[in-house]
Amino acid sequence: MATELEIVNMGLLRAGVEPITALTEDTVRARAANAAWPIARRQVLRSHPWNCATRKRNLAAAYSFQAVNSHRPVWEYAYSYRLPTDYLRMLEVDTDPDWRIEIAPTDRTLVGTTYDASYPERQTSTTGRITVTTAGAHSLTSGDYVYLPDATESDLEGYISEIEVLGATSFALLDFPSDEWVTDGSDSATSSFYEVVFSRALVTDLGPRAKVTYLFDQTDAEVFDPSLAYALALRLACDVVEKLTANAQKRQLLLQEYNVALQEAMIDDGEEQSAPKFEDDTWITSRY
């Protein structure tokens, strides 16, 4: 099978320029190819469920919205799962048809200690400011937070209130979106306070684990089928030809050639597996 350098050089040749001896070569051609190759490869690999770029994995839930004292999400799913680092596109999620890829909580970062204001005897209140008279007794220091679970949550319509510790006994009232902050669920007067980390994730109602099939960024060029390797070379040629030749018309011709080669590669790839099985629709079976 072709190496990465061979695929890149085929792309350069189709663009009408000389090949390179190494991807690390200090030439305009090599720099252009190096810049275009990773994006071109991912774009092509994501376009079809290639056999050489399909992977199965059992993902552990990174975040549960049903945890005790956890914030409630504004969306309908119960669990989020971090996407694999080599993820390109989701193909199948277990047996659950209801899933989505979106920006969701996937981790939490410890911010500081919280003081639960459900213990009103431990604080005094003034206009626009709250002073906790026993901050030291509860291990509160500058940078910690006071969590007010019952303060004005209904008035804030989904927001919760926190108080940032400005000094040993001085606090300033802050309001933060309720889906960005969470406590550790402790029932004691002091507990840990976290900022929720958001990233692109899979969300479902499956449970603690989800079996998935996805396309990944296959970087081992030697596993590419010859027809796929040629399609990748043409995709690269499309992306570098204007930079290297200033010929926009040639790019249009290469795009046409690439689309044909891509379709041929998809057909070749599909022939290396059994035909998919489809269940009869109830509209069909109801006639018998």
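The values are calculated or read from the model by the stated rules, or taken from the named source; none is laboratory data. This is a predicted model, so every value here is computed, not measured. Positions of Cβ are backbone-derived with ideal geometry, glycine not excepted, and every protein chain shown enters the neighbour counts.
In the range 30-48, the residue that is farthest from Gly16 (Cα to Cα) out of those that are touching a strand residue (DSSP E or B) at 6+ places or on another chain (Cβ under 9 Å) and assigned to a helix (DSSP H, G or I) is Arg46.
Scanning the range 23-49 for residues that are at pLDDT 95 or above and among the aliphatic types (A, V, I, L, M) yields Val28, Ala30, Ala32, Ala33, Ala35, Ala36, Ile39, Ala40, Val44, Leu45.
Taken over the range 227-268, the criterion of being among the polar types (S, T, N, Q), under 19 Å from Arg42 (Cβ atoms) and either more than 31 Å from the chain's Cα centre (by Cα) or surrounded by 16 or more Cβ atoms within 10 Å (Cβ to Cβ) (or both) is satisfied by Ser227 alone. Selection of first residues in the range 29-55 that are at positive phi and of second residues that are part of a helix (DSSP H, G or I), restricted to Cβ pairs under 6 Å at least 6 apart or on distinct chains, gives an empty result. The combined condition, being aliphatic (A, V, I, L, M), surrounded by 16 or more Cβ atoms within 10 Å (Cβ to Cβ) and assigned by TED's automatic domain parsing to the domain that holds Leu228, is not fulfilled by Val28.
Determine, yes or no, whether Glu222 is of a type outside the set (A, V, I, L, M, F, W, C) and under 20 Å from Ala2 (Cα atoms). Criteria met by Glu222. Summed over the range 82-101, the residues that are under 25 Å from Arg41 (Cβ atoms), touching a residue at least 60 places away in the same chain (Cβ under 8 Å) and within 12 Å of the chain's Cα centre (by Cα) give a count of 9.
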